[in-house]
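K.L.:
Right, I'll just put the structure down here and ask away after.
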Ligand SMILES: Nc1ncnc2c1ncn2[C@@H]1O[C@H](COP(=O)(O)OP(=O)(O)OP(=O)(O)O)[C@@H](O)[C@H]1O
Ligand SMILES: [Mg+2]
């Protein structure tokens, strides 16, 4: 079976980065002698903190603009809002939503400007983004060090340096914004969801009555589901109690996920096989999934696994935001906008000749990414709880990008899966590296260096690979008409 | 009485950094006519069409002079978007397809069909969800209208070039509200029978009142299908006539500015070919090239022979060279001068002294941002270490030798350029093609495989190319394999011609075999 062997080799080669980092992580965890429960708990916290930011990088990759070093600018938009909201004294989820409300228009404006600039520097977006990040940092410092207090009168001894001009180095968010999103209880989210569903049903009904399109049945179903859901969570006390907590025990989360997975597969199976009788539908796949889910469920009873599951609690709302962004990233592919961005990403010449407004699409991609990065930074800050005024944003771009790359993404290709795997691997390394350094060399600092080295190293290698691919690739005497494999084989 | 023109381009002039490529060109096209635009390689045909379509290459190099009128109204087209809004469609000389997309996605590119969704009510048309089913239905219809038998959901990457050409045409046919269609050398990558099919389709389109501008280097197509003609020479219009008032010979003469003799004048033949001296031998050769599958070919090509491979599109003639070069998965034995090739290794044919000119324009691997001279010597330099000084471990380019050789090739193949340092990307399509040929010839291989050697090359230059191939063969004993859809070309040069049908060799014929015999072989299998 040489075919199978070839496939296995290809799979390994395709995932070499991920495999390398998995091995590295395992080795580092082992060397650090950290308890797994600790690593897991820390990892889930960091995932909630950074996941959104990393996922905000995907759309520009889709549009062929590479890794968006410009997300720093989105982070800056977030921080401007955070400063004012703290200054005005808003707290909790109100404060958080106000931050969103205030920072979004700023991020849209910034995204527009960055997009315009990138259009003037086609092909050099990544360099431009990197330099722009530093430039924006300069302006940001000017604003926070001099203009606030110096030109705009701000009087608050907790925020402003004693001279009255300039903002302090760190702003404590502990009694205003800290955990403001993380602590939103599940029930609130569900209520909002059902309300939105209900409103959507109403809107659809109005549209239906006016234009007679869509089916009345599905609209009624939607409305009924919303009402029913609302009633269920409100009037069944045990359910209400369960949902009123904000942190979900990992064990419960896994159980719920497994139930949802199985339910979905069963529903899909019944729908496609028995109702629609789709001839292409293969029954092995869902069965495999269900078997896997059940196996997973039994795995939760293994002692070390159970320990972790009973130890870790995840902030549900934040995780839901991350899930929503994943959904957005994959659903946009099914929209006209997403398809057009993909076209632009594949070939600007072809897109242009097909009558697409290439520049506009690229600007939209930048706006989306900047806004998402801005929200990501808000999530980051509310979780970490202290706002280092001049440092919080500086490495946002580098670290998010490094995480994405560790997940196996490249300058031209990146998806949700790679982002998620990347965050997990990269941050595992971050968690255990100092301890591993201490255990191995009696020097925690060494571990710190190592993780910074990894972050920059992986970016450098990936950019170098990209440069090498784009300049060397065409230099093949008889270029194959299909696939990259052949090219790689020759070089 | 004044005639009504759908398109009237007046006094169009265009300069590319000081190089005047169009001078006061006028072009008038009536609704529902097929208008042929003819000229040598580099005469300015594509440039004129790029101006009409508002391509960025025109506007990023200083725009143009002159006016464009559509239906008597002056228009300013500075982007393809505007051209499309005016009802202009264009099949460009280079493929405008995205290899990673499916056929449907390519046909519907920029014109996706979508359904309103909840989000689209809030954020506008961009958020509408794509209606894949409707798009696939449309694509299927367009494909069946042009008679292309292909699944609409497969990826375009790896398809034979002929298919790609038809997909581009399907895309234009699928558009609604078109008034004028431009076809820039659509038949260059097609076999004669495919070209005929395409031309019949064009007639049907024209009969609906849509005007067509048609660029080609095959003059018989012009005579048989066009209604009127404009001939360009060196960026100027030399004539504008109804097709009935002009003959093929006149067209050719007007276009190249001198008399054309017969296709090839062969040098004296002093070769002796021997059945025991085999250069390339194929046994039970299979190639898995989509659309051009080879299913068990046995061939022995003698040393010093010019061997032709012909056949209809999709029958596998293109699969043979692509398989030998390792560009597609191949099985069976390939021996070069008795030595077995390792088919799983991509460079192995190259390393064994075979050079290949691919039929695939897009994939030919020219370095578009580099000079003509560097492109010409590139392969020889990389693979054979030629044109280099060796200073210990350091290798330096021998600039003088490169220049000399480039000048020779430019002269030999009549590459129309401003000099050997011009960037290849700024050459006309046909002249880029000549650079490809020059590069393969520079390799000075023992066996040269050329696929569609004269694709996109004007009749004057065609003679030069074919004669040079013959000269290499006669004087240096180079074994040459020509894969071509043009039978005339094969007949004029080859010692034997293999006809491929159904992935197998159905006959090996003499170049003077009667048409009937060849036709029968093509239809076999
Ligand atoms: N982007 C460019 N920059 C500079 N010169 C160019 C550019 N594009 C084309 N040219 C020059 O303009 C001239 C006309 O080229 P054009 O592509 O219009 O020729 P053509 O008639 O289409 O030839 P072919 O039959 O080979 O396609 C050529 O001499 C070419 O070198
Ligand atoms: Mg041209």
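K.L.:
Among the residues of the stretch B:501-519 satisfying the criterion of being within 27 Å of the chain's Cα centre (by Cα) and part of a helix (DSSP H, G or I), which is surrounded by the most Cβ atoms within 10 Å (Cβ to Cβ)?
P.N.:
B:518
K.L.:
Hey, among B:505, B:500, B:483, B:488, which residue is in contact (Cβ under 8 Å) with a residue 60 or more places away in the chain, within 14 Å of chain A (Cβ to nearest Cβ) and more than 16 Å from ligand 2 (Cβ to nearest atom)?
P.N.:
Answer to the selection: B:483.
K.L.:
Please return the ranges of strands (runs of 3 or more DSSP E) entirely within the stretch B:32-86 where 1 or more residues are in contact (Cβ under 8 Å) with a residue 24 or more places away in the chain, within 10 Å of ligand 1 (Cβ to nearest atom) and more than 14 Å from every other protein chain (Cβ to nearest Cβ).
P.N.:
B:34-39
K.L.:
Quick one: count up the residues across the stretch B:303-321 that are surrounded by fewer than 20 Cβ atoms within 10 Å (Cβ to Cβ) and part of a strand (DSSP E or B).
P.N.:
The number of residues fulfilling the criteria is 0.
K.L.:
Would you mind stating whether residue B:96 is under 30 Å from residue B:136 (Cβ atoms), within 14 Å of another protein chain (Cβ to nearest Cβ), in contact (Cβ under 8 Å) with a residue 12 or more places away in the chain and within 16 Å of ligand 2 (Cβ to nearest atom)?
P.N.:
Judged against the criteria, residue B:96 is a match.
K.L.:
Kindly state which helices (runs of 4 or more DSSP H) lie completely within the stretch A:299-389 and contain at least 3 residues that are touching a residue at least 12 places away in the same chain (Cβ under 8 Å) and in contact with a helix residue (DSSP H, G or I) (Cβ under 6 Å, 6 or more places away or on another chain).
P.N.:
A:303-311, A:316-331, A:336-346, A:358-384
K.L.:
Still on this structure, please answer the following. For the stretch A:166-266, give me every one of the helices (runs of 4 or more DSSP H) that falls completely inside it and has 3 or more residues that are within 20 Å of residue A:379 (Cα to Cα).
P.N.:
Once the helices (runs of 4 or more DSSP H) in the stretch A:166-266 are filtered for at least 3 residues that are within 20 Å of residue A:379 (Cα to Cα), what remains is A:186-211.
K.L.:
Quick check: is even one residue across the stretch A:136-155 under 23 Å from residue A:94 (Cα atoms), touching a helix residue (DSSP H, G or I) at 6+ places or on another chain (Cβ under 6 Å) and more than 14 Å from every other protein chain (Cβ to nearest Cβ)?
P.N.:
yes
K.L.:
I want to confirm something. Restricting to the stretch B:34-66 and keeping residues that are more than 10 Å from ligand 2 (Cβ to nearest atom) and on the phi > 0 side of the Ramachandran plot, which single residue is surrounded by the most Cβ atoms within 10 Å (Cβ to Cβ)?
P.N.:
Among those that are more than 10 Å from ligand 2 (Cβ to nearest atom) and on the phi > 0 side of the Ramachandran plot, it is B:54.
K.L.:
If we scan the stretch B:231-245, do we find a residue that is on the phi > 0 side of the Ramachandran plot, over 20 Å from the mean Cα position of the chain (by Cα) and either away from ligand 2 (no atom under 16 Å from the Cβ) or more than 14 Å from chain A (Cβ to nearest Cβ) (or both)?
P.N.:
There is at least one residue in the stretch B:231-245 that is on the phi > 0 side of the Ramachandran plot, over 20 Å from the mean Cα position of the chain (by Cα) and either away from ligand 2 (no atom under 16 Å from the Cβ) or more than 14 Å from chain A (Cβ to nearest Cβ) (or both).
K.L.:
How many residues are surrounded by fewer than 21 Cβ atoms within 10 Å (Cβ to Cβ) and part of a helix (DSSP H, G or I) if we restrict to the stretch B:474-490?
P.N.:
Total meeting the criteria: 5.
K.L.:
Right, another one. With the requirement that a residue be surrounded by fewer than 15 Cβ atoms within 10 Å (Cβ to Cβ) and more than 8 Å from chain A (Cβ to nearest Cβ), what does the stretch B:99-118 give you?
P.N.:
Result: B:115, single match.
K.L.:
Provide a single number: the residues in the stretch B:423-459 that are near ligand 1 (Cβ under 7 Å from one of its atoms) and more than 14 Å from chain A (Cβ to nearest Cβ).
P.N.:
8
K.L.:
Here are some residues: A:4, A:36. Which one is farther than 18 Å from residue A:461 by Cβ and either touching a helix residue (DSSP H, G or I) at 6+ places or on another chain (Cβ under 9 Å) or surrounded by 20 or more Cβ atoms within 10 Å (Cβ to Cβ) (or both)? Can you show your working first?
P.N.:
Working: A:4 fails: either touching a helix residue (DSSP H, G or I) at 6+ places or on another chain (Cβ under 9 Å) or surrounded by 20 or more Cβ atoms within 10 Å (Cβ to Cβ) (or both).
When all the criteria are applied, what remains is A:36.
K.L.:
Does residue B:425 count as within 16 Å of ligand 2 (Cβ to nearest atom) and more than 27 Å from residue B:300 (Cα to Cα)?
P.N.:
yes
K.L.:
Out of B:383, B:372, B:410, report the one residue that is within 14 Å of chain A (Cβ to nearest Cβ), away from ligand 2 (no atom under 16 Å from the Cβ) and surrounded by 15 or more Cβ atoms within 10 Å (Cβ to Cβ).
P.N.:
From the options B:383, B:372, B:410, the qualifying one is B:383.
K.L.:
Next question. Would you please name the residue that is surrounded by the most Cβ atoms within 10 Å (Cβ to Cβ), looking only at residues in the stretch B:121-132 that are under 21 Å from residue A:360 (Cβ atoms) and more than 8 Å from chain A (Cβ to nearest Cβ)?
P.N.:
The selected residue is B:123.
K.L.:
Follow-up. Just wondering, is there one or more residues in the stretch B:398-410 that are within 30 Å of residue B:222 (Cα to Cα), in a helix (DSSP H, G or I), within 16 Å of ligand 1 (Cβ to nearest atom) and at pLDDT 90 or above? Please lay out each step first, then the result.
P.N.:
Filtering the stretch B:398-410 down to residues within 30 Å of residue B:222 (Cα to Cα) leaves B:410.
With the extra rule that they be in a helix (DSSP H, G or I), the set shrinks to B:410.
Still in the list and also within 16 Å of ligand 1 (Cβ to nearest atom): B:410.
Among the residues that remain, those that are also at pLDDT 90 or above are: B:410.
Within the stretch B:398-410 (the criterion being within 30 Å of residue B:222 (Cα to Cα), in a helix (DSSP H, G or I), within 16 Å of ligand 1 (Cβ to nearest atom) and at pLDDT 90 or above), the answer is yes, since at least one residue qualifies.
K.L.:
If you scan the stretch B:331-358, which residues turn out to be away from chain A (no Cβ under 12 Å) and not in a loop (DSSP other than H, G, I, E, B)?
P.N.:
The answer is B:331, B:332, B:333, B:334, B:335, B:336, B:339, B:340.
K.L.:
Could you pull out the residue among B:403, B:416 that is in contact (Cβ under 8 Å) with a residue 12 or more places away in the chain, away from ligand 2 (no atom under 16 Å from the Cβ) and surrounded by fewer than 20 Cβ atoms within 10 Å (Cβ to Cβ)?
P.N.:
B:403
K.L.:
Okay, moving on. Going through A:313, A:334 one at a time, which residue ends up being more than 28 Å from residue B:119 (Cα to Cα) and touching a strand residue (DSSP E or B) at 6+ places or on another chain (Cβ under 6 Å)?
P.N.:
Matching residue, one of A:313, A:334: A:313.
K.L.:
Run down A:388, A:369 and say which single residue is at pLDDT 95 or above, under 30 Å from residue A:146 (Cβ atoms) and more than 14 Å from chain B (Cβ to nearest Cβ). Explain how you work it out, then say what you get.
P.N.:
Values: A:388 fails: at pLDDT 95 or above.
Of the residues listed, the single one that is at pLDDT 95 or above, under 30 Å from residue A:146 (Cβ atoms) and more than 14 Å from chain B (Cβ to nearest Cβ) is A:369.
K.L.:
Of the residues that sit in the stretch B:16-31 and are away from ligand 1 (no atom under 13 Å from the Cβ) and outside any strand (DSSP E or B), which one is farthest from the other protein chains (Cβ to nearest Cβ)?
P.N.:
B:30
To keep it simple, each residue is scored yes or no on (1) over 24 Å from residue B:192 (Cα atoms); (2) touching a helix residue (DSSP H, G or I) at 6+ places or on another chain (Cβ under 9 Å).
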{"position": "B:214", "(1), (2)": "no, yes"}
{"position": "B:220", "(1), (2)": "no, yes"}
{"position": "B:229", "(1), (2)": "no, yes"}
{"position": "B:233", "(1), (2)": "yes, yes"}
{"position": "B:245", "(1), (2)": "yes, no"}
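K.L.:
Could you say whether any residue in the stretch B:359-369 is part of a strand (DSSP E or B) and either buried (at least 20 other Cβ atoms within 10 Å of the Cβ) or touching a strand residue (DSSP E or B) at 6+ places or on another chain (Cβ under 7 Å) (or both)?
P.N.:
No: the stretch B:359-369 contains no residue that is part of a strand (DSSP E or B) and either buried (at least 20 other Cβ atoms within 10 Å of the Cβ) or touching a strand residue (DSSP E or B) at 6+ places or on another chain (Cβ under 7 Å) (or both).
The values are calculated or read from the model by the stated rules, or taken from the named source; none is laboratory data. Everything numeric here is computed off the predicted structure, so don't read it as measured data. No Cβ is skipped: glycine too gets one built from the backbone with ideal geometry, and neighbour counts run over all protein chains shown.
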